[in-house]
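Asker: Sending over a structure as structure tokens; questions will come in a sec.
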Amino acid sequence: MKQIALDIGLDLGQSLENFFAGPNEAAYQHLCLWVGHEAAQRRSPVPVYLWGPQGSGKSHLLHAAVAALREQGAQVGRLDADTPPDQGFKPEWAAVVMDDVHLYTTEQQHTAFNWFVNAINPEMGEPRPVLAAGLLPPAQLSLRDDLRTRLGWGHVFALQVLQEPERRAVLRQAADARGVFLSDEVMDFMLNRFSRDLASLMQLLDALDVYALQTQRAITIPLLKSMLEDL
């Protein structure tokens, strides 16, 4: 059966607390320190760049970092492939976050470079850190040289996709947190018939949880098939 990539549109509640690090422990621990309350007064302006294939957790970590900073009352500048390129740098930002840099247009690259320059400009106040992510390591990015160089001169972490035992552990942990019983048969079905991207699997679990509550039925393979027919 063809694998299906779901786009159900649910809020995954991405946080550092619900990120399963696995082989990406070094990047995870670095970001935990980076966003910590005690780090606010001593956060280094040295940029952090995360790279790896789709489903390795890059966007999860970026969203989690932004959420953690905002919980501390900080304002954060965010730039991704869908952001209009004419966004100016704001002095009140405490940090700058750039996602999917490999997709930036020429205009967005100009904006990203402008943000980089202003983030460390003494005239703008204390230096702001930059956290960025992309599909490729800095040296392989098809970006303007000055932006590519800046993305690569700080802390660079290569992220890996979780292997099947780790994906199973994440699903089991997420199901337990929801008070949901997820049998081995249902988990096998999810892993074998759908996209193995962890974000898609978590969306599927969220949808199943909601559907099971609505129908007052236990989560089974027939329930999963019924839910898909109703989508």
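The values are calculated or read from the model by the stated rules, or taken from the named source; none is laboratory data. What you are looking at is a predicted structure, and each value in this text was computed from that prediction instead of being measured. Neighbour counts run over all protein chains shown; Cβ positions are idealised from the backbone, glycine included. Ligands, DNA and RNA are stripped out before the accessible areas are found, and what is left, the full protein with its side chains, is counted by its heavy atoms. Shrake-Rupley method; radii C 1.70, N 1.55, O 1.52, S 1.80 Å.
Asker: Helix 221-230 versus the longest principal axis of the chain: what is the Cα-based angle in degrees, 0 to 90, to the nearest 10?
Answerer: With both axes taken from Cα atoms, the answer is about 70 degrees.
Asker: With each label point set 7 Å from Cα along the Cα-Cβ vector, what nm distance links residue 78 and residue 114?
Answerer: With each label placed 7 Å out from Cα toward Cβ, I get 2.0 nm.
Asker: Here's something else I'd like to know. If you keep only loop residues by DSSP, which trypsin sites (Lys or Arg not before Pro) in the stretch 136-223 have at most 13 other Cβ atoms within 10 Å of their Cβ?
Answerer: On the way: sites: 144, 148, 150, 167, 168, 172, 178, 193, 196, 217; in loops: 144, 196, 217.
Sites meeting the loop and neighbour criteria: 217.
Asker: Placing unit charges on C-beta atoms (Lys and Arg positive, Asp and Glu negative, everything else neutral), compute the dipole magnitude of the chain about its Cα centre in debye, rounded to 20.
Answerer: Details: 19 positive and 28 negative charges, 61 e Å.
The calculation lands at about 300 debye.
Asker: Report, in degrees rounded to the nearest 10, the 0 to 90 angle that the Cα long axis of helix 58-71 makes with the longest principal axis of the chain.
Answerer: 70
Asker: Loop sites only, by DSSP: take the GluC sites (Glu not before Pro) in the chain that have at most 14 other C-beta atoms within 10 Å and name the longest stretch containing none of them.
Answerer: Working: sites that count: 17, 92.
Longest stretch, sites excluded: 93-231.
Asker: Relative contact order of the chain: what whole-number percent is it, with Cα pairs under 8 angstrom and at least 6 residues apart? Present the calculation step by step, with values, prior to reporting the outcome.
Answerer: Details: 329 pairs, mean separation 63.8, N = 231.
Result for the chain is 28 percent.
Asker: Could you do me a favour and compute the accessible area per residue for the chain, 1.4 Å probe, result in Å²?
Answerer: Working: 11850 Å² over 231 residues.
Computed with neighbouring chains in place, this is 51 Å² per residue.
Asker: Report the one residue of 127, 79, 93 whose Cα lies farthest in the direction of the positive end of the charge dipole of the stretch 76-156 (charges on C-beta: Lys and Arg +1, Asp and Glu -1; origin at the Cα centre).
Answerer: Looking along the dipole axis, the top candidate is 127.
Asker: Please list, by residue number, every one of the chymotrypsin sites (Phe, Trp or Tyr not before Pro) in the stretch 153-231 that is coil in DSSP and has at most 12 other beta-carbon atoms within 10 Å.
Answerer: Numbers: sites: 153, 157, 181, 189, 194, 211; in loops: 153, 181.
Counting only loop positions with at most 12 other Cβ atoms within 10 Å, the chymotrypsin sites (Phe, Trp or Tyr not before Pro) in the stretch 153-231 are 153, 181.
Asker: Evaluate the charge dipole of the stretch 117-162 about its Cα centre and quote only its size in Debye, nearest 20, assuming +1 on the Cβ of each Lys and Arg and -1 on the Cβ of each Asp and Glu. It would help to have the intermediate numbers written out before the result.
Answerer: Numbers: 4 positive and 4 negative charges, 30 e Å.
Dipole about the Cα centre, nearest 20: 140 debye.
Asker: Choose one of 157, 195, 211: the residue whose Cα lies farthest towards the positive end of the charge dipole of the stretch 144-231 (beta-carbon charges +1 Lys, Arg; -1 Asp, Glu; about the Cα centre).
Answerer: So the residue we want is 157.
Asker: Determine the order of 100, 82, 145 by accessible area, beginning with the largest, at a probe radius of 1.4 Å.
Answerer: Numbers: 100 45, 82 140, 145 100 Å².
Ranked from most to least accessible, the order is 82, 145, 100.
Asker: Can I ask one more? At 1.4 Å probe size, with the rest of the protein present, what percent of the exposed accessible area of the chain is carbon and sulfur atoms? All intermediate terms of the calculation are to be shown ahead of the outcome.
Answerer: Details: 6090 of 11850 Å².
Exposed carbon and sulfur together represent 51 percent of the surface.
Asker: While we're here: Given 0.36 nm per residue, what is the gain on full extension from residue 183 to residue 136 after removing their alpha carbon distance, in nm? Don't skip to the answer; put the middle values down first.
Answerer: On the way: separation 47, 0.36 × 47 = 16.92 nm, distance 3.67 nm.
Result: 13.3 nm gained on full extension.
Asker: Enumerate the calculated ³J(HN,Hα) couplings along the stretch 176-185 in order (Karplus 6.51 cos²θ - 1.76 cosθ + 1.60, θ = phi - 60°), each rounded to whole Hz, writing x wherever the residue is Gly or Pro.
Answerer: Values, residue by residue: 4, 5, 8, x, 10, 8, 10, 5, 4, 5 Hz.
Asker: Could you work out how far apart the two model spin labels at residue 166 and residue 33 are, taking each label as a point 7 Å from the Cα in the direction of the beta carbon, and quote it in nm?
Answerer: In this crude label model, residue 166 to residue 33 measures out at 2.0 nm.
Asker: If you work out mean projected area of the Cα convex hull in nm² from the coordinates, which of (i) 13.8; (ii) 24.0; (iii) 11.9 do you get?
Answerer: Given (i) 13.8; (ii) 24.0; (iii) 11.9, the structure-derived one carries the label (i).
Asker: What span do the alpha-carbon atoms of the stretch 147-229 cover on each of the three principal axes, reported in whole Å from largest to smallest?
Answerer: 54, 24, 23
Asker: Could you give the angle, 0 to 90 degrees to the nearest 10, between helix 25-35's Cα long axis and the longest principal axis of the Cα atoms of the chain?
Answerer: 60
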